[in-house]
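Before any comments, here is the structure.
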Amino acid sequence: MNTIPPLHVPLRFFLTAPWLGLLAGLLVAVAGDEALASRWTPDLLAVTHLLTLGFMATVMLGALFQILPVLSGELVPGGAWLPTLVHLCLLAGTLLLVAGFASQSYWLFNLALPVLLLAFAAFLLALARLLLRRVAGGDALFCIRLAAACLLLTLLLGLWRGAAFAGLPVPAANLGELHPSWGLGGWVLLLVMGVSYQVIPMFHVTPSFPTPLARTLPLLVLAALLLASLAPGAIGQALALHLLSLVALVYGAYALWLLSQRKRRLPDITARFWRLSLGSLIAAALCLPLLYWGAAEALPGELPRRLPVLLGVLLLPGFAVSVIMGMLQKIVPFLSYLHLQRRCIGDVDQLKTLPHMGTIIPPRLTRWQFRLHGLALAALLLAVATGKGSAGAGLALALDFAFLGYTLGRAALLYRTTLRGLA
Amino acid sequence: MKNISDRMQGHHRLCDEQYASAEAAVAEQDWETASTGWKAFAAELRRHIDDLEEGRLFPALEAAGGPAPPLLVMRSEHEQMRALLAQMDQALAARDSDEFLGLGETLMLLTQQHNMKEESILYPMMDQLLGDQTALLD
């Protein structure tokens with residue numbers, strides 16, 4: 001029981017992540033329409049890393065600090081300073097990296113890369129024992145471990161590319177596609193998959209993913225990525241791409257079907273966030289082969305060149321961010337309630353005064369979050385497709401994240417005042 | 001003859017369904033149906049944790065040399081569930097649907113993560129150590 005870490009450990013990650021997302025939105029708003037024309041523009045690279053490192057990785061690390069001790073029954077070594085170190089380094093490293101991209105001052109990478117390396121190395125070294133232990137976690141942990149390996153590879157590939165950007169003498173290699181492929185296909189897809197194995201049945205009271213499917217899908221993802229990285233020929237590349245799309249399609253469709261089997265009949269906004277996320281994944285999985293077969297060339301105007309950016313919008317704000325936003329709406333109130341409840345076990349009168357999940361994040365705020373996120377996603381897709389309106393889309397994204405920051409901050413404040421009242 | 005895992009998992013699913021019905025009735029403010037449904041669910045859940053688990057299976061597992069720490073965690077989570085059940089009894093009596101549904105969301109999450117631990121670790125352990133004692137559940 002006492003391996004449950006104090007609430008401030010995961011919460012500090014959850015509370016800062018939305019503000020980095022807000023920066024991403026503001027950057028889209030001021031960068032101008034041209035910034036969204038290709039995925040390699042410095043501004044879009046800055047936005048992408050604000051979303052992946054600043055929002056997604058930050059929430060992920062906070063969640064792992066919470067869940068690993070609970071699963072393994074062991075405390076994180078190093079006590080309170082480790083989460084502090086990881087959190088601050090991740091924050092500082094991300095901001096330096098993003099400043100480097102946005103101002104094209106690549107010498108900043110000389111500072112950003114070591115700081116980011118320190119954040120992830122400290123985390124991995126301290127938690128490697130917990131991550132590798134034989135703990136009961138079944139299909140979810142199997143998949144999450146593969147995702148962690150992909151993240152490690154993505155980071156190493158990123159470091160290599162970053163060092164080349166910074167002008168350091170690293171062996172030149174054409175790794176342009178590998179870093180985003182392992183990041184999106186490996187880390188993001190496998191992480192969401194693994195998490196969904198656990199939380200879709202748990203949060204939404206649905207049947208579970210059958211083990212054979214739950215184990216085969218991530219292995220096929222890994223096979224596709226290895227094929228894409230190691231097979232030089234066109235056939236290998238085509239095979240990898242189609243395999244990855246197929247796995248994403250099967251996974252997305254199956255998860256949607258599971259959600260349709262919910263026993264609870266009450267409207268649940270987190271389930272809606274999941275549907276939006278899985279819908280985006282399916283759209284991306286259909287887009288990818290289209291891109292390959294040149295069908296995109298038949299599209300009018302600039303659209304063929306913009307399709308890769310569209311794919312990125314579907315995968316990052318669409319697939320990954322939606323699901324994280326939806327889950328935070330449940331995880332933060334649930335953890336807050338559990339921590340408060342443990343303070344007054346045995347005292348029924350005090351227990352009755354506690355705010356429950358519906359007070360910590362009221363359903364009406366979650367409904368607004370869903371609307372704002374849907375709006376931001378639609379505006380981004382439209383801005384990329386038409387080449388116009390990036391200012392509005394950026395502001396919509398900024399508002400979306402600001403609202404998340406407000407909701408979570410409000411929940412944390414309520415937790416603190418309640419805790420003080422109990423003392 | 002079904003083993004302990006199958007029977008206890010089946011009972012978890014039955015409780016899930018009963019709760020879903022009660023919750024739907026509360027959301028529609030159909031207090032008659034809600035009250036009947038809630039009573040059936042609460043009785044079944046209490047029977048599950050008080051009688052079947054803490055009354056029969058847990059002591060049998062301890063007697064068969066099963067490990068103590070997981071049982072300690074399970075018992076303390078049962079304690080948390082009992083507290084929520086008591087609060088929800090009152091919310092229903094006061095016909096406060098927001099309060100009831102907010103507490104219910106908490107109870108569901110607590111229960112689901114608890115059930116997963118039981119179904120993946122504890123019950124398989126019981127099948128192994130208490131395999132021939134399915135009569136415990138009759």
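If R0 equals 30 Å, the separation of the Cβ atoms of B:ASP6 and A:ARG265 corresponds to a calculated FRET efficiency of about 0.70. In this Cβ point-charge picture (+1 for Lys and Arg, -1 for Asp and Glu), segment A:99-243 has a dipole of about 360 debye about its Cα centre. When only alpha carbons are used to place a centre, segment A:199-246 and segment B:42-59 end up 41 Å from one another. Only helices reaching 27 angstrom along their own axis (Cα) with mean Kyte-Doolittle hydropathy no lower than -0.5 count here, and for the DSSP H runs of chain B these are B:68-93, B:97-117.
Pairs exceeding a 24 Å alpha-carbon distance, out of A:LYS330/A:LYS352; A:LYS330/A:LYS388; A:LYS330/B:LYS2; A:LYS330/B:LYS117; A:LYS263/B:LYS39; A:LYS330/B:LYS39: A:LYS330/A:LYS388; A:LYS330/B:LYS2; A:LYS330/B:LYS39.
Extension gain, A:VAL250 to A:LEU375: 0.36 nm times the residue separation minus the Cα-Cα distance gives 42.3 nm. Rounded to the nearest 0.05, the FRET efficiency derived from the C-beta distance between A:ARG420 and A:LEU399 at R0 = 41 Å is 0.85.
Among residues other than A:CYS344 whose Cβ falls under 12 Å from its Cβ, what is the net charge (Lys/Arg +1, Asp/Glu -1)?
The answer is 0.
Note on chain A: helix-only mean residue ellipticity at 222 nm, from DSSP H runs of 4+ residues weighted -39500 (n - 2.57) and normalised by residue number, equals -25000 deg cm²/dmol.
Label positions at A:TRP107 and B:ILE121, each projected 7 Å from the Cα along the C-beta direction, are separated by 5.4 nm. Distance from the Cα centroid of segment B:83-138 to that of segment A:290-349 is 30 Å (rounded to whole angstrom).
Using a 10 Å cut-off on Cβ atoms, rank the peptides A:298-311, B:105-118 from the highest mean neighbour count down.
So the peptides A:298-311, B:105-118, ranked by packing, come out B:105-118, A:298-311.
The chymotrypsin sites (Phe, Trp or Tyr not before Pro) found in segment A:268-352 that occupy coil by DSSP, while having at most 12 further C-beta atoms within 10 Å, are A:TRP293. A Förster radius of 30 Å, combined with the Cβ-Cβ distance separating A:TRP81 from B:ARG13, puts the computed FRET efficiency at roughly 0.10. Distance between the modelled labels on A:PHE142 and A:ILE235, one decimal in nanometres: 3.1 nm (7 Å Cα→Cβ projection).
Computed from the coordinates by the stated procedures, all read-outs in this text should not be read as laboratory data. Since we're looking at a predicted model, the values are computed, not measured. Don't worry about glycine lacking a Cβ; one is built from the backbone with ideal geometry, like all the others, and counts go over all protein chains shown.
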